[in-house]
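Input: a single structure, listed below in structure tokens.
The values are calculated or read from the model by the stated rules, or taken from the named source; none is laboratory data. Everything numeric in this text was worked out from a predicted model, so none of it was measured. So basically every Cβ, Gly included, is an ideal-geometry build from the backbone, and we count neighbours across all protein chains shown.
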Amino acid sequence: MPCYSFNHEIAMAKFVPRGLGWQPDLPDGRDYTFRHPEVRRLLLDLPEMLDSEQPDLVDLRCDCDTEYFTAVDDQRTLNASSAFAALSAVEYFERRVAGRTYDGSRLFLYQAARYRIAKAGRDLADSGADLRTTLKVLAQVGVPPEEYWPYSIEAFRSEPSSFLLSLATAPKALRYFRIVDDGCSGQETWRALKSFLAAGFPVLFGFSVPSSLADCPEILFRKAHDAPRGGQSVVAVGYQLNRVGADQDAILIRSSWGQQWGDNGYGWLPASFVCNYLARDYWCLISEDWLDVTELFRPSIITDVN
């Protein structure tokens, strides 16, 4: 049973995020998907879960009295949401599967991603980062512990020292992959997203933040009325079918806007954002260290493509 409850009677007040940061990935034929042999081999080692076994409600934040995430942090005015999302996903696997605490430096990861982007010909300003670059830096460079390079707005333009670089570590043999192939329909993407969440895998993605965003947990889908505020990277940590009515499904997301937004930083994004392409760039993480058959399952979409 979920450890959290939501109060649907909270008065709605407009919420304007101080920071955002998701930049859409550019197409890249080198991207791994769940079909890649290295990824598929790892997923096939997990016990099978069929579509018929997927529950109507999934909440990956906790199990009984065990919390898989620490409290939602606030990115404040930096556009660092991709770094926050990536490290939240690592924290989940480390806490749930390995039973270890994990607190990687979000500032370091964001800075390193910005440096990598700048080398590709774009500026070094605080203009966000795409998830692919962020995950590539995490896998190739790693991050030092948060205590050695704590999150600070003022430190963004300070270059990390060689000592910090020497402390940077990455999860062992980390793989990052897309959960859908290019050209998938919105409905196919929604099915894949549910498949991975039901199997115990959080999913990173970005979405267009609507101008109607309020401080309550429920995000509205008003395609014809909302202007976009910008892009935000988040972690999908669950879903609920028919949340606000028949065929009105929603995704449980973990933000990086602090606990003042939504329900302590969590909220519900309508699945219509997925089906209408207002969300994209769905990434998942996997490592041999995290393949616990008592905690994770093989997503049903893996079995379906045998």
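Here residue 70 meets each of (1) touching a helix residue (DSSP H, G or I) at 6+ places or on another chain (Cβ under 8 Å); (2) farther than 26 Å from residue 129 by Cβ; (3) of a type in the set (S, T, N, Q) with one exception, condition (2). Taking the range 73-129 as the range and being small (Gly, Ala, Ser) and part of a helix (DSSP H, G or I) as the test, the residues that pass are 81, 82, 83, 85, 86, 88, 89, 98, 112, 113, 118. Against the condition within 21 Å of residue 232 (Cα to Cα), among the β-branched types (Val, Ile, Thr), assigned to a strand (DSSP E or B) and at pLDDT 95 or above, how does residue 209 come out, does it pass? Criteria met by residue 209. Can you tell me which condition residue 294 does not meet? The list is (1) buried (at least 21 other Cβ atoms within 10 Å of the Cβ); (2) assigned to a loop (DSSP other than H, G, I, E, B); (3) without any contact (Cβ under 8 Å) to a residue 60 or more places away in the chain, and all the others hold. Only one criterion is unmet by residue 294, namely (1). Filtered by the rule that a residue be crowded, with 17+ Cβ neighbours inside 10 Å and either charged (D, E, K, R) or in contact with an Asp or Glu (Cβ under 8 Å, 6 or more places away or on another chain) (or both), the range 146-155 gives 146, 151.
The residues on offer are 129, 139, 192, 170, and the sole one that is within 18 Å of residue 82 (Cβ to Cβ), in contact with a strand residue (DSSP E or B) (Cβ under 9 Å, 6 or more places away or on another chain) and crowded, with 19+ Cβ neighbours inside 10 Å is 129.
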